1. Taking the Cα centre of the range 141-285 as origin and charging only Cβ (+1 Lys, Arg; -1 Asp, Glu), how large is the dipole, in debye to the nearest 20?
2. How big, on average over all directions, is the shadow cast by the Cα convex hull of the range 455-538, in nm²?
3. Label points 7 Å out from Cα along the Cβ direction at ASN283 and ILE450: separation in nm?
4. With r as the distance between the Cβ atoms of LYS376 and ASP306 and R0 = 25 Å, compute the FRET efficiency 1/(1 + (r/R0)^6) and round to 0.05.
5. Charges at C-beta only: +1 for Lys and Arg, -1 for Asp and Glu. How large is the resulting dipole of the range 481-533 about its Cα centre, in Debye rounded to 20?
6. Taking the number of other C-beta atoms within 10 Å as the exposure measure, put GLU251, GLU382 in order starting with the fewest.
7. Rounded if a/c is under 1.5, else prolate if a/b is larger than b/c, else oblate: which is the range 280-321, with a ≥ b ≥ c the root eigenvalues of its Cα gyration tensor?
8. Expressed in nm to one decimal, what extension gain is obtained for the pair ASN500 and LYS270 from 0.36 nm per residue of sequence separation less their Cα-Cα distance?
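Every number here is computed from the coordinates shown, using simple stated rules; none is lab data. The structure displayed is predicted, hence computed values, not measured ones. Neighbour counts are summed over all protein chains in view; Cβ atoms, including those assigned to glycine, are modelled from backbone coordinates with ideal geometry.
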Amino acid sequence: MNGVYLLVGTFFIIAVILVTVVLTLLSKHKYKVFREEVEMLDKEKNMIASTPVLSELSKVESIVKNDKMEEKYKNWQKRFEIIKEDKINVINDMINELDISTNQKNYKNIDHKLAKVEMEIYKVRESANELLNEIQEITISEEKYRSIVTKLKAKYRKLMNEFTTHHDDYEDIAEAIELQFENIEKRFLDFERRMEKNEYDEVVHIVKALDTMIDHMGIVVVEVPNLVLLAEKLIPKRIEEILAIQEDLTEKGYNLEYLNIVYNMEECNKNISTILDRIRVLNLEDCMFELKTMLDYLDSLFNSFDQEKLARKNYEALSTSFEKKLKKTNRIMKDIYGQLDDIKNMYDLSDEDIQDIQDIKLRLTSTVKEYRELVKQAEAKEKPYTYLYKQLEMLENILQELENSLDISLKSLGSMYDDEIRAREQLEEIQDLLKQCKIKIRSYKLPIIINNYFIELSEANDAINEIIKELEKKPIVIKVLNTRVDTARDLVLKLYNTTNDMIKTAQLAEMAIVYGNRYRSEVREIDRGLDNAEMLYHKGNYKDALEVSLASIELIEPDIHSKLLKLYGES
């Protein structure tokens, strides 16, 4: 039991020692951290105190030559004394307080105190830097501004040399440019005077003014020759050419009123005068744009003149061909319309056919009227040729449509006439075919002709009579006529085939009976069969007579059918 107590006590002592060691180490680490932060703040404070404001102020002291500069110098001294004597001392006190708290390891609220010192250092540092920048703006002004002015002088001399070399290109604007160069020279002299008096506030404005003026002169030197060339030579010359062409074309019969050339040329001259006035005072804003826009407009007028010339050529060429086509179409239309009553009497025209022809006539009349009006406008020079040609093209398209429609109507009427002629020709052919049937049936003296043949003959005759009736009608209904012709042709062809088949069958049957007579005495069955075939033949049943006779003969000659066909062909 004593051993247990001893062991527990040992562990307890070790734990106490460890905790003490850890706490000691943590305290030392925190102390070290705070010490480093305090030392860093002290360094930052010292850097503010060592700002080269004093050395810059000493430079200013040597260049103070006027009351304004002296006032600024005193103000800067006062502000630096406030930073150095008051604000730095306040920071010193705050850092000392932090140092004491750190040494005494009084860490309560130390983070808050550190933040306050950092904020105060930041504010004082910004004040010191602002003061230094203001002072340096003066101390380095001479070097900085002289460097800028040296570059501006080089740029100025280059522009002056360019202007002098091409002096003649500037025409009457040269005097204004020379005056502006003189103003720049005066600014350079003013700069030197201000620098001698150390009036740096004024120097800033002079340098800015020089930079602006020289930049502007750079634009002037480059653009003025082109502007003068456009405004005083190119564009006036174009205007003269346009007026001359306009006068010439007008005398030749062109209507150019829609271009409003005289008024627009007057406006162009006014605009050129206004632009030249602005150029003379070197106000070049939008001058190039306006002149180029004017030049583009003038060039477009030349294109308009060319379009008018081409339109006149095209109009005259199209007018000649159009008038010929119009006369031809009008003549055909008059012929058709003049014969329309006769055509209606001859053929059963539909309302749609008649309406189509009437519509074509109305549209053609309207087209003729519009063309005559267009010709009057051209002769009176009331419209430009671009308009006349466009309108004539539209009329040409309309006339083409009318020609197509008229062609369709003519084909329809022509088709009716062709159908009538074809029907009459086919009537003759059908009648001739029927005549052949009658001659053929009479030429072969059959013992009897069956009733069905006379029925077909009667139907064929009736169909032919229907064709004749349709052809005698006024007006002729072409659709009905074509139907009648087709029906009659089919019936007569049927009769023709029936006639040929009946005669051929009768001939074959007669030949078979005659051929089989040689076997009557030899074979009784053949004799009976042939008697039966003869009986059928005389009744007009030629097909059955042929079949019975062939069947009888085949008892001796199996190929009798082919032999008969061969004999029939030879006969």
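1. Numbers: 20 positive and 31 negative charges, 155 e Å.
Computed about the Cα centre, the dipole is about 740 debye.
2. Numbers: hull surface 25.8 nm².
Here the figure is 6.5 nm², rounded to one decimal.
3. 12.0 nm
4. Computed FRET efficiency for ASP306 and LYS376: 0.45.
5. Values: 8 positive and 8 negative charges, 25 e Å.
Around 120 debye, computed over the range 481-533.
6. On the way: GLU251 8, GLU382 12.
Fewest-to-most Cβ neighbours within 10 Å comes out as GLU251, GLU382.
7. Numbers: a/c = 10.52, a/b = 6.93, b/c = 1.52.
It comes out prolate by the Cα gyration axes.
8. Details: separation 230, 0.36 × 230 = 82.80 nm, distance 10.63 nm.
Here the segment from ASN500 to LYS270 would lengthen by 72.2 nm.
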